[in-house]
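Take a look at the structure below.
The values are calculated or read from the model by the stated rules, or taken from the named source; none is laboratory data. On a predicted model such as this, the values are computed, not experimentally measured, just so you know. Every residue, glycine as well, gets a Cβ built from its backbone with ideal geometry; the counts of neighbours run over all protein chains shown. Just the protein is used for accessible areas: all its heavy atoms, side chains included, with ligands, DNA and RNA removed. Shrake-Rupley method; radii C 1.70, N 1.55, O 1.52, S 1.80 Å.
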Amino acid sequence: KINDAAVVSTPNDGNTSVNRKHRLAYDVERVVQEHLTYVREEISDGWDLIHQEGEMKVYRREVEENGIVVDPLKIFHSIKGVTGHEICHYFWDYRYRMEWETTLDSTKIIEVLEPDTVIFFQMHKRVWPAAQRDSCFWSHIRCISNSEEDQPTWLVVNYTTPHHLAPIKSPHVRLVANVALICETIINEPPLNIQDIKRENIECKLTYVAFVNPGGWVPSAALRSVAKREYPRFLKRFTSYVLEQTRDKPILF
Ligand code: 16H
């Protein structure tokens, strides 16, 4: 089954040999499959728990490449009252972005590859004393159904790509990122009839992974302290935003 417009909001069969048409289709497929392979990986040696708050656990592995901090980051969270589809919808859709993002000066779609895959150009807020960063990345949203009984898994992947409409211009430095938000919906004490499911019965188990290369030298200690503060802050603010937006709306499964 191809992942066409009709599939954007309905489960696909997880078939990977799709006849996608756009030029980045294989790149998207490869990166999505990589995330799905590693999402279940346990936290092992080398990962430090750097922040814990309620259900949220933030892990980081300290890694440098040529003296540049590229620490992989992994967050696990569980949010009562929302579905994975809702979380991914608000994360992917640019219309809500500036309402929850606090680290951006601007966001703009520069190309639509498919209804579920777009290319963004974003200008990040400058973090003193580093040069201002920008980013250009494809952003893909997908629903994968694992079985008849289980709720589908939803995910969003943001992955750096070059684009002729977004040349790198000094003094700006391009961030290089591979970020995924992967969500599962759990229904606690499921009623017999799906119509009877209430927000209090649902829970979203979320995994957020980020591999971000700052694209040039940034003082290591400063970058690590910004990351330690900003990632938990982002996830707290974003998830409360989704709770607030969905509270009085019908559940989007
Ligand atoms: O994932 C987040 N936001 C997405 C939607 O805006 C974009 C994001 C992304 C980031 C960079 C490049 C491509 C895509 O997926 C939430 C991100 C929350 C970020 C917290 C701040 C992290 C601080 C480290 C920044 C490193 C560069 C700073 C230079 C000093």
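Structure above, values below:
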quantity: Contacts under 7 angstrom Cβ, first residue in region 217-242 being more than 11 Å from the ligand (Cβ to nearest atom) and of a type in the set (A, V, I, L, M, F, W, C), partner open to solvent by less than 50 Å² (accessible area, probe 1.4 Å) and not in a helix (DSSP H, G or I), 6 or more apart; calculated: VAL242/VAL82
quantity: Scan of region 108-124 for residues that are open to solvent by 20 Å² or more (accessible area, probe 1.4 Å) and closer than 16 Å to ILE168 by Cα, ordered by number; calculated: LYS108, ILE110, PHE121, MET123, HIS124
quantity: Among (1) loosely packed, with under 12 Cβ neighbours inside 10 Å; (2) in a strand (DSSP E or B), the one test that GLU149 misses; calculated: (2)
quantity: Count of residues meeting criterion [over 20 Å from GLN52 (Cα atoms) and among the β-branched types (Val, Ile, Thr)] in region 198-253; calculated: 6
quantity: Test: residue in region 72-80 that is touching a strand residue (DSSP E or B) at 6+ places or on another chain (Cβ under 6 Å), small (Gly, Ala, Ser) and within 18 Å of GLN245 (Cβ to Cβ); calculated: no
quantity: Long-range neighbours under 7 Å by Cβ, at least six apart or interchain, first residue on the phi > 0 side of the Ramachandran plot and assigned to a loop (DSSP other than H, G, I, E, B) within region 34-54, second open to solvent by 50 Å² or more (accessible area, probe 1.4 Å) and at pLDDT 95 or above; calculated: GLY46/ARG61
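Yes/no per residue for (1) small (Gly, Ala, Ser); (2) crowded, with 18+ Cβ neighbours inside 10 Å:
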position: GLY84; (1), (2): yes, yes
position: TYR90; (1), (2): no, yes
position: ARG126; (1), (2): no, no
position: PRO129; (1), (2): no, no
position: ARG133; (1), (2): no, yes
position: CYS136; (1), (2): no, yes
